């Protein structure tokens, strides 16, 4: 689709209403009628795959994306981006600000979206070659030019603070392999322990997520965006909850704030003191 203003897109095509050129009558996503067909016949994850990939997914691909989304929907308060949203919520920030906090903190390269971006490049290079993975993991970024990102300080896809592989990571990898048509998730499941032994740290959720995105055929940019987006529901829910609970119940505020002159505790003078 293109118009006189210069916008060009292969993703979307619209036909305007006869009486209003600013309103769409029919909308097509990669050729599929969104409100005429997709709305009543497709799941959200089928549509999401179509939107990012440009083609209709197989049943296993749709199930793989949905299963990954469930795993990432709420990673809990231990996850830094969730905690950032909680800080925004308890502080009374706008809802958009809480979500932006989650996006900002969750965009980094230690458990964040940029780590997924780096892993996607490694998947393109290493595929299912274990020896190549072992060679690349210690120094994963080939472009050494100065950038906004500092050099990686750990093997991407593995938790630098971990001891053993967390149960949810193992469970997620196992659940995803049921829908793996590419073989890369099976490869990760089979080589997890040798990879952990070499890196000295356990597999993380970013490692599992990147493998799933690669299995679905997404490029690094789509994988990065989806990894950011799919974690937002949990961030939103926790931000709202903390807003309702208030700062007095928040561990990093309530117990450490003491008012030396609290007007709420000042006793009002009685009638005798007032001379009444």
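Overview of results
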| read-out | value |
| --- | --- |
| Selected residue [in contact with a strand residue (DSSP E or B) (Cβ under 9 Å, 6 or more places away or on another chain), part of a helix (DSSP H, G or I) and modelled with pLDDT of 95 or more] from 207, 234 | 207 |
| Tabulated pairs, region 39-65, first within 13 Å of residue 28 (Cβ to Cβ), second surrounded by fewer than 12 Cβ atoms within 10 Å (Cβ to Cβ), C-beta under 8 angstrom, 6+ apart or interchain | 54/10 |
| Verdict on residue 38 being part of a helix (DSSP H, G or I), surrounded by 14 or more Cβ atoms within 10 Å (Cβ to Cβ) and touching a strand residue (DSSP E or B) at 6+ places or on another chain (Cβ under 8 Å) | yes |
| The lone exception for residue 198 - which of (1) modelled with pLDDT under 95; (2) assigned to a helix (DSSP H, G or I); (3) within 23 Å of the chain's Cα centre (by Cα) it fails | (3) |
| Filter result (under 27 Å from the mean Cα position of the chain (by Cα) and over 30 Å from residue 70 (Cβ atoms)) within region 15-54 | none |
| Sole exception among (1) surrounded by fewer than 18 Cβ atoms within 10 Å (Cβ to Cβ); (2) part of a helix (DSSP H, G or I); (3) modelled with pLDDT of 95 or more for residue 217, by number | (2) |
| Region 92-130: number of residues that are within 21 Å of residue 230 (Cβ to Cβ), touching a residue at least 60 places away in the same chain (Cβ under 8 Å) and in a loop (DSSP other than H, G, I, E, B) | 4 |
| Filter result for residue 89 (touching a residue at least 60 places away in the same chain (Cβ under 8 Å), surrounded by 15 or more Cβ atoms within 10 Å (Cβ to Cβ), more than 23 Å from residue 225 (Cβ to Cβ) and within 21 Å of the chain's Cα centre (by Cα)) | yes |
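The values are calculated or read from the model by the stated rules, or taken from the named source; none is laboratory data. Please read these numbers as outputs of a predicted model, since none were measured by experiment. Here Cβ is always computed from backbone atoms with ideal geometry, including for glycine, and neighbour counts include all displayed protein chains.
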